Amino acid sequence: MRSLFLAWIAIAGSTAVGLAQTAPAGPAINVNLTEPGPMIPSTLVGVFFEDINFGADGGLMDERIKNRSFEFPNGLTGWHPVGTGVKTEVIRATPLGERNPHSLRLECTQADSGIANEGFRGIGVRSGTRYQFSAWLRAPGGGRPTMRVALCTLDGQTLTEARITRIRNDWRRYDCSLPALADEPKARLRLTLEQPGIVEADLVSLMPDESLKGPLRGFRRDLVNMLRDLKPGFLRFPGGCIVEGRRLALRYQWKNTLGDRDDRSLLINRWNDEFKHRPAPDYFQTFNLGFYEYFLLSEELGAEPLPILNCGMACQFNSGELAPLDELDPYIQDALDLIEFANGSDSTPWGRRRRDLGHAAPFNLKFLGIGNEQWGPQYLERYERFAKVLSVRHPEIRLVSSAGPSPSDERFEFLWPRLRELKADIIDEHCYAGPEWFYQNAGRYDGYDRSGPKVFMGEYAAQSVGVAKPENRNTWGCALAEAAFLTGIERNADLVVMSSYAPLFGHLDGWQWTPNLIWFDNLGVFGTPSYYVQQLFGRNRGESILGVKIDGSDRNGEKRLYVSAAQGRGEVILKIVNASPTARTVRIELAGARRLGERIRSSALAHADLNAENSLAQPLRVAPVESEFPLADPFFEHSLAGSSLTVLRIPCRP
Ligand code: AHR
């Protein structure tokens, strides 16, 4: 291919010279249509979801009540007494059910006293939306009390209110609807008794009407739309370190996340107390978002599901606890059962379980991650055992293995060759580093051996200050460096079959880790500049790699330009990062292009200030600008803004 390509450059160059005599321009970007390269997998750009930064409860899930079942270790977490004449207590005496042993006992000695829930750093209330309240209640003292249900401001002003009357002395579910007439990002839900009395409560819920219905019932619409707009090729879940847990007993176990949402048992979130500088003592996993919902979400997004399972190792940044090798069977069985749950027919126990949950058709699982970010010989021993069983029982499933937490340290150097010997299928590399690393590594995969495992760049993000530093910002400078790196990934899409930015979501008032791809609060959401980079690559993927050079050079980054090119259906998709702060004109040479269409479509992401960021107030400060211009010749000039990513969709055929 290389010799043909050189020949083509010679021809293309001579034609271009003629043009250059009348139109002197900057560097030439030479795209070779004569020789389509390898196919670009649909999974090239996907998303990494982890319940970090209140990404699930308080984030992607619309339930607004924190600790709604009073099962948090401190049973009153998130709840505050209202008024002086009230005694609040979490009791076990009269449970609602086996899975909900605790409930709230509210004893009011004065009228209009009760309790309030703070939500997840407040409750977002939007004018014009109705909020559906429900709770299981009983009045053990009789008297058929009346409860006032209100949404109110922090200082107690009522925003909307409804009444639940005649509460009986046995457990019953009560519902009411609260229309909101004003916006309030940090409201509370207040429950008070009109007269002195005793009420017990459990499974308190508040859901906005605007919440999604259908398969994604209970998902937050605006956040799901942000994911849809990325057109992700895959969805990795549920992490991240929460797969591992601080100790093995606290690991993520997918089977515990199925079934009635009200009956799922609580687990501490590993990010609860991970960072002393960002403590989140109220962070637990209710599994409102469980494995079945992850599969549904993947399906709705048109993304391949990529579950990651614990491999018998707790987080190595924490206890590093190991399941003994002769006790790995239950972990491996979890993997086998998960494959059956996803793909099995309803004549199998787990396939039947999926059908009973409402999904008769298989989810068509193709990938499975064995361990998250593991390293050392302990990982290899465990991975090998999983791989031995799975490769025989499920050769159709592609296994993802870990290369550790860094893209180049001794853990990485130790793992890669051994995983190659083990004939690992896809190796998950992680990289959190400064923007310069991403520029320097735009050619990282050019020299990788093609005969071994494929690569999944499974977690990466440019860090403006330092790895996971709380001062990190989602700047345009970071996003531009990621764009340069992504051109390198796309050029090597025969090897790098998956990539995902991490983490995905951050609650503006509840984050532990920054930077994140998408930020939100209780009412709003915005994409970072990195989000729009991911979106441009995700939505403009193309079908096969095309050879591309910069002034005849194969080096990506030549003249501070980073480029990749793909053949799409009847078009060439060209991505160009101008990492120089100055605007410049490039000469684009499409060698072998025929049957040109009339207009080129361009999406350009640019900002002169590398420190520019998006925000709730300015969500589109750094966002793609679309334009079109005529196409007359396969060799043409194009102006690039300084510090920009441009995607050109050029209608033509080889
Ligand atoms: O993305 C945040 C964390 O970074 C992930 O949970 C972990 O895999 C990595 O260390």
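Derivation of every value follows stated rules applied to the coordinates shown; laboratory data play no part. Being a predicted model, the structure only gives us computed values, none of them experimental. Every residue, glycine as well, gets a Cβ built from its backbone with ideal geometry; the counts of neighbours run over all protein chains shown.
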Legend entry - Whichever lysines have a C-alpha closer than 30 Å to that of Lys66, once near sequence neighbours (fewer than 8 apart) are set aside: Lys87, Lys186, Lys213, Lys255, Lys276, Lys469
Legend entry - Estimated D of the stretch 478-561 in µm² per second, where Rh is the Kirkwood radius over Cα pairs and Stokes-Einstein applies at 37 °C, 0.692 mPa s: 224
Inset, instruction - Please go through the stretch 311-369 and write out the chymotrypsin sites (Phe, Trp or Tyr not before Pro) that DSSP classes as loop and that have at most 16 other C-beta atoms within 10 Å. - result: Phe317
Inset, instruction - Along Cα→Cβ, 7 Å out, is where each label goes; now give me the distance between the ones at Glu413 and Leu325 in nm to one decimal. - result: 2.6
Inset, instruction - Calculate the length of the line joining the C-alpha centroid of the stretch 343-379 to that of the stretch 72-134, in whole Å. - result: 37
Legend entry - Charge-dipole axis of the stretch 539-654 as Lys and Arg at +1 and Asp and Glu at -1 on Cβ define it, positive-most pick from Pro651, Ser544, Val563: Ser544
Legend entry - the stretch 575-632: GluC sites (Glu not before Pro) in DSSP loop, at most 13 other beta carbons within 10 Å: Glu598
Legend entry - Distant-in-sequence amide H partners of Phe234 (H built 1.01 Å from N, under 5 Å): Gly46, Val47, Glu304
Inset, instruction - Quick one: dipole size for the stretch 128-223, taken about the Cα centre, charges +1 on Lys/Arg Cβ and -1 on Asp/Glu Cβ, in debye to the nearest 20. - result: 320
Inset, instruction - Apply the Kirkwood formula to the stretch 302-387: the hydrodynamic radius equals the inverse of the mean of 1/r over all pairs of different alpha-carbon atoms; give it in Å with one decimal. - result: 14.0
Inset, instruction - First check a/c for the stretch 375-465, with a ≥ b ≥ c the square roots of the eigenvalues of its C-alpha gyration tensor; if it is under 1.5, answer rounded, and if not, answer prolate when a/b is larger than b/c or oblate otherwise. - result: prolate
Legend entry - Tail beyond 16 Å, pair distance distribution of the stretch 236-309 (Cα, percent): 52
Legend entry - Unit charges at the beta carbon, dipole of the stretch 568-617: most positive-side option, Ala608, Ser580, Ala591: Ala591
Legend entry - Lys/Arg +1, Asp/Glu -1 at C-beta; the chain dipole; positive extreme among Pro81, Leu60, Gly458: Leu60
Inset, instruction - Would you mind telling me the antiparallel percentage of the DSSP bridges in the chain, rounded to 5? - result: 75
Inset, instruction - Express the C-alpha Rg of the stretch 249-356 as a ratio against the empirical globular expectation 2.2 N^0.38 Å, rounded to two decimals. - result: 1.20
Inset, instruction - Restricting things to alpha carbons, tell me how big the stretch 440-491 is in terms of Rg and Dmax, in Å. - result: 13.1, 41
Inset, instruction - Tell me, rounded to the nearest percent, the portion of alpha carbon pairs in the chain spaced more than 35 Å apart. - result: 47
Inset, instruction - Report, please, the projected area of the stretch 583-654 averaged over directions, based on the convex hull of its C-alpha atoms, in nm². - result: 5.3
Inset, instruction - Please quote Rg/Rh for the stretch 524-654 to two decimal places, taking the Kirkwood radius as Rh and restricting both calculations to Cα atoms. - result: 0.98
Inset, instruction - On a C-alpha basis, how far is the centre of the stretch 200-241 from the centre of the stretch 261-332 in Å? Whole number, if you could? - result: 17
Legend entry - Two-decimal log10 I(q)/I(0) for the stretch 29-187, as the Debye equation yields it once each C-alpha is a single scatterer, q = 0.19 Å⁻¹: -1.39
Inset, instruction - Do me a favour and compute the ellipsoid semi-axes for the stretch 349-407 from its Cα gyration tensor, root of five times each eigenvalue, largest one first, whole Å. - result: 28, 13, 10
Legend entry - Size of electric dipole in the chain: Cβ of Lys, Arg +1 and of Asp, Glu -1, about Cα centre, debye, nearest 20: 880
Legend entry - Whole-Hz couplings from phi, Karplus 6.51/-1.76/1.60, listed for the stretch 371-379; x for Gly and Pro: x, 8, 10, 9, 8, x, x, 4, 5
Inset, instruction - Rounding to the nearest 20 debye, state how big the charge dipole of the stretch 182-327 is about its Cα centre with +1 on each Lys and Arg Cβ and -1 on each Asp and Glu Cβ. - result: 380
